[in-house]
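Notes follow the structure.
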Amino acid sequence: MVTIKEIAKAVGVSATTVSRVLNYDETLSVSPTKRQAIIETAEAMNYATPRNRNRIQNGAAIASDRIAMLHFLAPEEEVADPYYVGVRLGIERRCRAAKLEIDKIYAGDSLAEESDLRSLSGAVVIGRHARETIIRVGQCVPHVVFADFAPVGEEFDCVYSDLGFATTQLLDSLFLAGYRSFAFIGVEECVVDFPVSDQRYPAYVAWSRSKGLFRPESCLLGDLRVASGYELTRQLLDLSPVPEIIVTSNDNMAIGAYRAIAERGWSIPGDVAVASFNDIPVAQFLSPPLSSMRIRAEHIGETAVDLLVERLGGRDFAKRVVIATEMIWRDSCRNPPR
């Protein structure tokens, strides 16, 4: 770590002068040129204050740092969506490695008193929250990182996967595999006063229109649960002609689609093919195994904590980190040529 004495030596002034400049002592009599040289030298040498140096311990925050995880789902909702279980496990694993105490606050839990929030060093916020919650946490907690969500603006750190780009990649691959009749079941979300939509839906609409393949009746929206996937797929199977392939926004919806297709006595992919997103563990055990775009949930959680540790270590600018996705091809649809 760079010390005040090293900065003083580089600039040619006393250590006391450097200390007073870096502490913005307005009573110090020093020329503007010398003051600027001290500040620029400190920045160039990556000087960290003793307080911030003490926060760093082998690249991790010190044990006294206490953070909270704010989840947009209730515990029973999280259990029903293994993807978000993965995000939480990634957060917890990295917190243990960084020796960080973590308070878990789920949807439906009352937020702590303001005094308790102000005792936190930072917070990792999973998913979408109401603007009033985000503002309150941002005002009370010095460092906030979003996991699996990219809020509007550039004031917060966040880590997520570009699902719009991933959707276009998936559809391009399916097109190369010979599919020409597509259907999509997904979700359109918008948080009050904090606008954001699921990127998969608009990406599907834009792609299918660019190919001249868009059919409004074969693009249905619900929620990301198994029951929604089942009901929406039943509607798609009544279309004439029936789509060659159904793309679902997550694996829960795909499981519902499997059930609806099986009830008709149809086969996958012979009568209708299915492709999806998330690649939760159960995807490989479906019959047939599900082709799914892998979103690295645990890596998103781990990276969110890494960003928070950087903030605790003194980083004073926002970062946005995009975690790459990977398509896992299985037997629920034709695979594109290599």
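Kirkwood analysis of the chain, using all unique Cα-Cα pairs, places the hydrodynamic radius at 22.6 Å.
Here the dipole of segment 4-47 is about 160 debye; that uses its Cα centre as origin and unit charges on the Cβ of Lys and Arg (positive) and Asp and Glu (negative). Any lysines with Cα under 30 Å of the LYS99 Cα? List them, leaving off those in the same chain fewer than 8 positions away. In chain and number order, the partners are LYS319. Its Cα centre serving as origin, the chain has a Cβ charge dipole (Lys and Arg +1, Asp and Glu -1) of approximately 1080 debye. Between helix 200-210 and the chain there is an angle of about 60 degrees, using the helix long axis and the longest principal axis of the Cα atoms. Between the Cα long axis of helix 82-97 and the first principal axis of the chain there is an angle of about 20°, rounded to the nearest 10.
Seen from ALA297, the other residues with C-beta closer than 14 Å to its C-beta sum to a net charge of -4, counting Lys and Arg as +1 and Asp and Glu as -1. For the chain, the longest principal axis of the C-alpha atoms and the axis of helix 163-176 are separated by about 40°.
Using the alpha carbons alone, the radius of gyration of segment 163-294 stands to its Kirkwood radius in an Rg to Rh ratio of 0.94.
Laboratory data are not the source of any read-out in this text; all were calculated from the coordinates shown. These figures come from a predicted structure and were not determined experimentally. Positions of Cβ are backbone-derived with ideal geometry, glycine not excepted, and every protein chain shown enters the neighbour counts.
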